[in-house]
Amino acid sequence: MGKVTGFLEYGRHKTPWRPSEVRSLDFKEFVLPLERSEREEQGARCMDCGVPFCQSSYGCPISNLIPEWNDLVFRGREEEAWHRLRKTNNFPEFTGRVCPAPCEGACVLGIGSDPVTIKDNECWIVDNAREKGWIKPMPPKFRTGKKVAVVGSGPAGLSAADQLNCAGHSVVVFERADRPGGLLMYGIPNMKLDKDLVLGRVQVMKDEGVVFKTSIEVGVDVSAESLMKEFDAVLIATGSTKPRDLSVPGRSLSGVHFAMDYLKGSTENLLSGSSARPAIDARGKKVVVIGGGDTGNDCLGTAIRQGCSGVVNFELLPKPPASRTPEMPWPTFPRTLKIDYGHAEAEYAFGKDPREYCISTKEFVDDGNGNVKGIKTVRVEWKKNEAGQFVMQEVPGSEEYFEADLVFLALGFVGPEEKLLESLGVARDNRGNAAAAYGAFSTAADKVFAAGDARRGQSLVVWAINEGRAAARSIDLFLMGETSLP
């Protein structure tokens, strides 16, 4: 511990954002760097507590050595901090931008004060390493002669491919989109995760020997049979890609879209460099986003950047509390009210927080030509039943009507698509995910493994990295009879 009294001397200082009125005009990343001295102070706030809950099961799923690299940041030992970080995290430039930071929720300092800026410190370490040229290709010194196919190039697939390649296996990653990255490429807007970062990391992996085959869908462009013949092991890391739908009257009207279709189209249009507008364009339209969470917030930010005339965000659940309650004690994740970038931009543009809580969609209204023109809703309240479970009840007389030219459904995902699983002979669990036990990651199909959201269901990027790394270890053990992978 470098600064024994650091947590007493320095306050929490988050990485600042560009002002709403500036950042909402473009799709560039909105974060601004702290001065080096300020970052060192933030590292000094780490208490080096006896039991670091930040890297426990409550905090970081990949067990980042957080107190260690916080101390190295404070001491100015930047390259050591980078090497310590990369021991546990293949892609800190991703988690440092998009992870909700359960580590900070579990920070011991957060019991009585503001927690350490762990996520920002992590992001600074890797960004500094990239600027200094410390992130270089490191091809394996030997090859095992074993070949592994990774289906899906999201965070689980990428981390597994990276680890398997380090072990000396020849890895081929199959991606049905035109660019690798999965959720990182097309599910998260550029202003939150610049796509050059994703492509840059993929290029490092290519230079290390990993082969990427894009615009190829396994089971369509490449048969499952040929995959099984060519490779010694196959990993399913396709993610949870079936969106949850909303079965109400008017669902088939033009203008009602899944959120991921909207975000993907926006990013594709941005990366194309075309001056043409995207196929789903919010310019001049009244937008309603149904569903909160990161995806709903990303839809808000995207619609504002496209020039929508108004935006509303429906949330079925009650407004979260401002601080922890007895139902969310430390070190559990604090499900408190947060103002994300999209919320702040909407408030600046339209004068109010866009979120409407405890509201349920009853019907999409037709304009007479097959287009959506509005939404009929009702307010709900949540009460405990005799079993102590919260149940939803509609509030009589609370019906409302909201105008809407575009509606985006950001309701999460219900599992992987069945076609690939069926073609590989992989059974599904009772939630529809690929059936494979955590730790082993092997399915009932011979030499087929599964990891990430395709196995555990919709989750965090950091959990996908955890699963990709752990699955790689299991595959290495399966192929070689022993493994030195962490």
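The values are calculated or read from the model by the stated rules, or taken from the named source; none is laboratory data. It should be emphasised that the depicted structure is a prediction, and the values quoted were computed from it without experimental measurement. Here the Cβ positions follow ideal geometry from the backbone for every residue, glycine too, while neighbour counts run over all protein chains shown. Heads up: the accessible areas ignore ligands, DNA and RNA and are worked out on the full protein's heavy atoms, side chains in. Shrake-Rupley method; radii C 1.70, N 1.55, O 1.52, S 1.80 Å.
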Cβ-Cβ distance below 6 Å, separation of 6 or more or different chains: which pairs start in the range 89-109 with a residue that is assigned to a loop (DSSP other than H, G, I, E, B) and end on one that is of a type in the set (S, T, N, Q)? 89/64; 90/159
Within the range 145-156, can you find the residues that are part of a loop (DSSP other than H, G, I, E, B) and open to solvent by less than 40 Å² (accessible area, probe 1.4 Å)? 152, 153, 154
What residue, of 231, 258, is of a type in the set (Phe, Trp, Tyr) and either over 21 Å from residue 445 (Cβ atoms) or modelled with pLDDT under 95 (or both)? 258
Could you tell me which residue of the range 274-323 is modelled with the lowest pLDDT, considering only residues that are within 21 Å of residue 26 (Cα to Cα) and of a type in the set (Lys, Arg)? 277
With respect to the numbered conditions (1) among the hydrophobic types (A, V, I, L, M, F, W, C); (2) within 30 Å of residue 408 (Cβ to Cβ); (3) open to solvent by 40 Å² or more (accessible area, probe 1.4 Å); (4) more than 15 Å from the chain's Cα centre (by Cα), which one is the sole condition not fulfilled by residue 183? (4)
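Quick one: in the range 198-216, which of the residues that are in a loop (DSSP other than H, G, I, E, B) and touching a helix residue (DSSP H, G or I) at 6+ places or on another chain (Cβ under 8 Å) is surrounded by the most Cβ atoms within 10 Å (Cβ to Cβ)?
So in the range 198-216, the residues in a loop (DSSP other than H, G, I, E, B) come out as 208-210, 215-216.
Now restrict to residues that are touching a helix residue (DSSP H, G or I) at 6+ places or on another chain (Cβ under 8 Å): 208-210.
Numbers: 208: 17, 209: 16, 210: 23.
Looking at residues that are in a loop (DSSP other than H, G, I, E, B) and touching a helix residue (DSSP H, G or I) at 6+ places or on another chain (Cβ under 8 Å), I get 210.
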What pairs come up if the first residue lies in the range 300-320 and is of a type in the set (Lys, Arg), the second is at pLDDT below 95, and their beta carbons are under 9 Å apart, counting only those six or more places apart or on different chains? none
Selection status of residue 119, at pLDDT 95 or above and open to solvent by 60 Å² or more (accessible area, probe 1.4 Å): no
Taking the range 83-115 and keeping residues open to solvent by less than 20 Å² (accessible area, probe 1.4 Å) and farther than 21 Å from residue 463 by Cα leaves 109
In the range 224-237, the residues that are part of a loop (DSSP other than H, G, I, E, B) and open to solvent by 50 Å² or more (accessible area, probe 1.4 Å): 232
Could you run through the range 469-486 and say how many residues are part of a helix (DSSP H, G or I) and closer than 12 Å to residue 163 by Cα? 8
Is there a residue in the range 119-129 that is more than 23 Å from residue 28 (Cβ to Cβ) and not hydrophobic (A, V, I, L, M, F, W, C)? no
Evaluate the range 169-190: report whether one residue or more is part of a loop (DSSP other than H, G, I, E, B) and more than 30 Å from residue 29 (Cβ to Cβ). yes
Pick from the range 49-78 the residues that are open to solvent by 50 Å² or more (accessible area, probe 1.4 Å) and more than 27 Å from the chain's Cα centre (by Cα): which of them is nearest to residue 103 (Cα to Cα)? 51
Go through (1) surrounded by fewer than 18 Cβ atoms within 10 Å (Cβ to Cβ); (2) basic (Lys, Arg); (3) over 14 Å from residue 151 (Cβ atoms) and name the single condition residue 419 misses. (3)
Looking only at the range 321-342, how many residues end up being more than 23 Å from residue 381 (Cα to Cα) and in contact (Cβ under 8 Å) with a residue 24 or more places away in the chain? 7
Just to be sure I understand, how many residues within the range 273-326 are closer than 15 Å to residue 403 by Cα, among the hydrophobic types (A, V, I, L, M, F, W, C), assigned to a loop (DSSP other than H, G, I, E, B) and out of contact with any Cys (no Cβ under 6 Å at 6 or more places or on another chain)? 1
Of the residues that sit in the range 13-47 and are in a loop (DSSP other than H, G, I, E, B) and open to solvent by 80 Å² or more (accessible area, probe 1.4 Å), which one is farthest from residue 270 (Cα to Cα)? 35
Please verify whether residue 368 is open to solvent by less than 60 Å² (accessible area, probe 1.4 Å) and either in contact with a strand residue (DSSP E or B) (Cβ under 8 Å, 6 or more places away or on another chain) or not in a strand (DSSP E or B) (or both), treating the condition exactly as stated. no
Condition test on residue 143, is it touching a Ser or Thr at 6+ places or on another chain (Cβ under 8 Å) and over 23 Å from residue 11 (Cβ atoms)? yes
What's the number of the only condition in (1) farther than 22 Å from residue 302 by Cβ; (2) in a strand (DSSP E or B); (3) out of contact with any Asp or Glu (no Cβ under 7 Å at 6 or more places or on another chain); (4) at pLDDT 95 or above that residue 383 fails to meet? (4)
For residue 195, which of the numbered conditions (1) touching an Asp or Glu at 6+ places or on another chain (Cβ under 9 Å); (2) crowded, with 16+ Cβ neighbours inside 10 Å; (3) not aliphatic (A, V, I, L, M) fails to hold? (1)
Suppose the filter is at pLDDT 95 or above and out of contact with any Pro (no Cβ under 7 Å at 6 or more places or on another chain); does residue 202 pass it? no
Looking at the range 404-454 only, could you name the residues that are in contact with a strand residue (DSSP E or B) (Cβ under 8 Å, 6 or more places away or on another chain), in a loop (DSSP other than H, G, I, E, B) and of a type in the set (Asp, Glu)? 405
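Anything in the range 386-399 that is open to solvent by less than 70 Å² (accessible area, probe 1.4 Å) and assigned to a strand (DSSP E or B)? List them, or say none.
391
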